[in-house]
Structure formats: C-alpha cells, structure tokens
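Engineer: Attaching a single structure in structure tokens format; questions to follow.
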Amino acid sequence: MAKSKTKHRILVVDDALETLEVLQRNLASQGYQVYTAPGVNEALQVLDTVAVDLIITDYKMPQVNGLDLVRHVRENLKDAEVMMITGYASIGGAVEAVKYGAEDYLAKPFTDEELFSAVERALDKLHARRVGRVGADKESSESYGILGESGVVRKVFSAISKAAKTPATVLITGESGTGKELVARAIHYSSARVSAPFVPVNCGGIPEGLLESELFGHVKGAFTGATETRAGFFQTADGGTIFLDEISETSLAMQVKLLRVLQEKEVCMVGDARSRKVDARVLAATNKDLRSLMDKELFREDLYFRLSVITVDVPPLRERGDDILLLAHDFAAKFAKELDKPPVRFSDDALRTLKGYYWPGNVRELENVVQRLVVMTDSEVIAASDLPELMRFSALRHTGLHRSLDEVEKEHIRNVLADVNGNKTRAAEILGIDRKTLREKLKENKTS
C-alpha cells in the first residue's frame, strides 16, 4: 500500500517563530500538511482538534519543555510519532528524548535532507504499525482466505475471480511456500462446483509406481495386493475439482495418460480394459519453470498447453511489500490465541528486519518463524534480537543469481540509502546518479 505525503499531517512546535516558518515552508514543499505552535500549551490545543501523524518539537522552550510534550504524546496519542530538535545537543539529551519516546533527535543546525530523512523514517515506523492493525481487520485485507493488500496480490485476486467463472484448466505457478494450494481452493470454492469435492494430490509425494493407481483407481487383481476394486482421485473428484500439485514431478509416461484425461474426459482404471467418463475440473501447480523442462524434453509441450489455458502466477513474499507485516501480525495473533498467551507485537526494528529479509521459504517460512517466536518468547514485544540470527544478518543481503537486474538494482539502492542513514544526496553520489534520477527510482520502487 503506497504512502501519500499529502495525507500526512505534521505539527511543528518551537518558540522561535523564524524556525517555525522555515520548517513549515520546507515540509510543505514536500507535500506534507503542516501545523505550527509556538509552545507546548498551543500544541496541546492543536492536538485536541487535529489528528496528526508526526509531532516535531523543540527541546528547550519556556514554561513547558519538549520532553513534557513527548511524554504527553506517548501517553495519550497511540497513533502518532514524535521527534525532537534542539540547539543544545548532547548525548544525555538525546538519550533522555529517546527514553521518553521520541523516534529521532536532530541537533540544530541540520540540513533539509537530514530533516526529510528523519521525517520519512518516523512516518515509515508509523506506517508499519498501522499496517499491523489493518491485519486485525480481515474484512479489509483478506479475500478467498488469502491475506494481502499489495498490488501483486490484488492481481491474483482478480485472476481467481476470472478463473472461477469458467471450467477451463488452470496452471498455478510460484515458488514453494507462496500459497498455490490456497489459490486452487479459492478458485474451486468460488466456482459453480463449490458443493462438490476438492481433491488435492501431491504428485511429488506419491511413488511413480503407485501414482497411476492413486489417480485413476484399480480393479481387483490388477496387481499384487489389489484385493479389491478401488476408485482413484479423479473418480473421487467427479463433479468437483482435482488439484495436481507438483505436476512437474510426473514422468513422461504419466503425462501422456494425464493428457488423455484432459482430452477425452475419461479415465482407465489400472487392470481395466474400458474407460470411464469423469467430470473433474483440473487445476495444476508447479514451482518449476515448465518451459525450461520442455526444452530439456522433461515435460510434454501438449500437456503444458492443455494445463495452461489460464495461468495464475503467485508472487514470492519478498515482492509483496507490507503484506509481510500483515501476515506476521496475523500469524502472531493466531498462535498467541492457540497457546492461550497474551497478544504479542513486534518492535519497529523487528518489523524492519522482517520486511527486509529475502524469505526464500515465502509465506510458509514466515508462518513457521512467527510460530517459533510466539512459543519461545516470554515478552509481549518481539524484538529484532529475538529473530533467527540468519534472518538478522541476511536481511537485504541476498545474492541469489536468479533475480532480475531490476530486483538487484532496487536492493542496492535500498542498501546504499540505509548505509548513509537516508541521505539522498550522499546516496546519489555513491550510486553515480543525480538526485532527480534517484527520486524517480525511489518513486518507481514505491509504486511497483
């Protein structure tokens, strides 16, 4: 979910009117809606009437100082961030400001870039917490049992809706752990076949010698141990849907038989001489590149085209942005309830690490990690230090060779910005581009 600066309201509090004017002008130039107050009492009046996202307050002011305002915000405004600026910078002052709940501490004089970077960091933290709260409202973010609000997931929702309206075969692609079976179930339970069986089959989990019998059934005496006639998964799914997961693991011989089922709408039980009509819609899934397997003659081209009348590509978790935070909060709530533990939440640093991690195991890995955290932690706050060591040191550092050039570029830009604490001027110098180009690339990253 992209953030819009025009929706962010900032209150600036400083007894120096010149400072107020400069900050108001600079922040307004970035699209923020800015309110000003010359003191804490005036600031409280603004806060009583306006819901602001961020309060920027001076440290030393007459009568009531900035620390008292920070404390008030933290005790009374749960949905706002606060940062402090001061002309009397000291380590003790910074520690005290953070102790009372300030998100950042800027010493005067500071550059426009330092101000903008600090504001963006504070609003990013607020955004992450708000995303977590949205996760509790599943009606606004969950469809077909799939939780997510990102653009790529909404494309999946659209594809599910269209696929559900037709009896055509569907090929669902995506990495392991992305939720391909959830997509298949969503298609079935949104279709006209909703009252009929949904039969999932893990083709890679059944030995090749048994797969034909499991899929198509067998008659008594067809082979040693066949003491009775037994229907297969296709007959069980008659009138409903059969989901062939890991379709790439089937042999070429089995692919021929599957192709016949798709073409003729009939199956032949092992040991039987006659075919039987069956009305089962076929959904298939794979985590491999079937076209690459076709080039190696490991997957039949005619079967591929039969299966892929409609294709749904399920995106990896690392491309889903804030969905990572939605899912983490949802899993945490679920496991805390199962274990009869108090609700847990994630610290800002933990959320940042979760979102920056590469997630090679996708949603399944995230679920397992959160379950472990809820089980093992004794605190109601999960800190970054509680996360697995590999995750903490691997976030934003994945160097896999199967990523696109665009993905590598985006990650490098993020790493450089993090290394220079968000200073875009310095980041542009390191990247060898001008600030305008950097702004355009950051804009693309937020909207892609």
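Engineer: For Lys443, give me every one of the lysines with a C-alpha distance below 18 angstrom, ignoring sequence neighbours fewer than eight places off in its own chain.
Structural biologist: Reachable lysines: Lys3, Lys5, Lys7, Lys410, Lys424.
Engineer: Could you give the size of the charge dipole of the stretch 210-316 about its Cα centre, using +1 on the Cβ of each K and R and -1 on the Cβ of each D and E, expressed in debye and rounded to the nearest 20?
Structural biologist: For the stretch 210-316, the charge dipole is close to 340 debye.
Engineer: Turning to a different aspect of this structure: Restricting to lysine pairs 8 or more places apart or on different chains, what number in the stretch 169-307 have Cα atoms under 30 Å apart?
Structural biologist: Final tally of qualifying lysine pairs is 16.
Engineer: Does the stretch 317-394 come out rounded, prolate or oblate, given a ≥ b ≥ c as the square roots of the eigenvalues of its C-alpha gyration tensor, rounded meaning a/c under 1.5 and, failing that, prolate meaning a/b above b/c?
Structural biologist: On the way: a/c = 1.74, a/b = 1.41, b/c = 1.23.
It is prolate, given that a/c is not under 1.5 and a/b is the larger ratio.
Engineer: Shifting gears a bit: Is it possible to state the helix-based mean residue ellipticity at 222 nm for the chain, with each DSSP H run of 4+ residues giving -39500 (n - 2.57), the sum divided by total residues, to the nearest 500 deg cm²/dmol? What is it?
Structural biologist: Mean residue ellipticity at 222 nm (helix-derived): -14500 deg cm²/dmol.
Engineer: If you stretched the chain out fully between Leu252 and Ile430, how much longer would it get, using 0.36 nm times the residue separation minus the C-alpha to C-alpha distance?
Structural biologist: Values: separation 178, 0.36 × 178 = 64.08 nm, distance 5.22 nm.
Length gained between Leu252 and Ile430: 58.9 nm.
Engineer: Mind ordering 224-237, 29-42, 180-193 by average Cβ neighbours within 10 Å, highest first?
Structural biologist: Most protected by this proxy first, the peptides run 180-193, 29-42, 224-237.
Engineer: Restricting to Cα pairs below 8 Å that are 6+ residues apart, what does the relative contact order work out to for the stretch 146-221? Please round to a whole percent. Let's see the in-between values first.
Structural biologist: Working: 27 pairs, mean separation 19.6, N = 76.
Rounded, it is 26 percent for the stretch 146-221.
Engineer: Can you give me the long-range amide H partners of Ser143? Hydrogens built in the peptide plane at 1.01 Å from N, cutoff under 5 Å, separation of 5 or more residues or another chain.
Structural biologist: Under 5 Å from the amide H of Ser143: Gly148.
Engineer: Can you put Val256, Val199, Val119 in order, fewest other beta carbons within 10 Å first? The partial results should precede the final answer.
Structural biologist: On the way: Val256 13, Val199 19, Val119 26.
Taking fewest neighbouring Cβ atoms as first place, the list is Val256, Val199, Val119.
Engineer: Just to check I understand the Karplus step: with θ = phi - 60° and J = 6.51 cos²θ - 1.76 cosθ + 1.60, what whole-Hz values come out for the stretch 253-265, glycine and proline as x?
Structural biologist: Whole-Hz 3J(HN,Hα) from phi for the stretch 253-265: 5, 5, 4, 4, 5, 5, 4, 5, 4, 5, 7, 9, 6.
Engineer: While we're on this one: How about Lys155: which aspartates and glutamates have a C-alpha closer than 16 Å to its C-alpha, ignoring those fewer than 8 places off in the same chain?
Structural biologist: Counting by Cα, and skipping residues close in sequence, Lys155 has these aspartates and glutamates nearby: Glu142, Asp313, Glu319, Asp322, Asp323.
Engineer: Assign one of three labels to the chain, namely rounded, prolate or oblate, based on the Cα gyration tensor with a ≥ b ≥ c the square roots of its eigenvalues; rounded applies when a/c is under 1.5, prolate when it is not and a/b is larger than b/c, and oblate otherwise.
Structural biologist: prolate
Engineer: Taking the dipole about the Cα centre of the chain, with the C-beta of Lys and Arg at +1 and of Asp and Glu at -1, give me whichever of Leu317, Leu77, Gln255 is farthest to the positive side.
Structural biologist: Of the options given, the answer is Gln255.
Engineer: Output the antiparallel fraction of DSSP beta bridges having both residues in the chain, as a percent to the nearest 5.
Structural biologist: Here the antiparallel bridges make up roughly 10 percent for the chain.
Engineer: Given an 8 Å cut-off on Cα distances and at least 6 residues of separation, report the relative contact order of the chain as a percent.
Structural biologist: Here the relative contact order equals 13 percent.
Engineer: Provide the per-residue ³J(HN,Hα) series for the stretch 325-334, in order, calculated from phi with Karplus coefficients 6.51, -1.76, 1.60 and θ = phi - 60°, each as a whole number of Hz, with x at glycine and proline positions.
Structural biologist: Residue by residue, the stretch 325-334 yields 6, 4, 5, 4, 5, 5, 5, 4, 5, 5 Hz.
Engineer: Name the shape class, rounded, prolate or oblate, that the alpha-carbon gyration tensor gives for the stretch 169-307, where a ≥ b ≥ c are the square roots of its eigenvalues, rounded holds for a/c under 1.5, and otherwise prolate holds if a/b is larger than b/c and oblate otherwise.
Structural biologist: Because a/c hits 1.5 or more and a/b fails to exceed b/c, the stretch 169-307 counts as oblate.
Engineer: List the lysines whose Cα sits under 18 Å from the Cα of Lys108, skipping any in the same chain fewer than 8 residues away.
Structural biologist: Qualifying lysines at Cα under 18 Å: Lys60.
Engineer: Now for a separate question. Can you tell me which of 12-20, 262-270 comes out highest on packing, and rank the rest after it, using the mean Cβ neighbours within 10 Å?
Structural biologist: Descending packing order for the listed peptides: 12-20, 262-270.
Engineer: Let me ask something else about it. With θ set to phi - 60° and the Karplus curve 6.51 cos²θ - 1.76 cosθ + 1.60, what are the ³J(HN,Hα) couplings of the stretch 357-373 in order, to the nearest whole Hz, using x for Gly and Pro?
Structural biologist: Values per residue, Gly and Pro as x: 5, 7, 6, x, x, 6, 4, 4, 5, 4, 4, 5, 5, 5, 4, 4, 4 Hz.
Engineer: Continuing with this model, one more query. Using a Gaussian network model of the chain with C-alpha springs under 10 Å, which one of Ala107, Ala328, Ala159 is most mobile by mean-square fluctuation?
Structural biologist: Ala107
Engineer: List the residues whose amide H sits under 5 Å from the amide H of Tyr35, counting only those 5 or more places along or on another chain, with H placed 1.01 Å from N in the peptide plane.
Structural biologist: Ile10, Leu11, Val12
Each reported figure results from applying straightforward, stated rules to the coordinates on display, with no laboratory input. These numbers come from a predicted model, not from an experiment. Please note: Cβ atoms are built from the backbone with ideal geometry, for glycine as well, and neighbour counts cover all protein chains shown.
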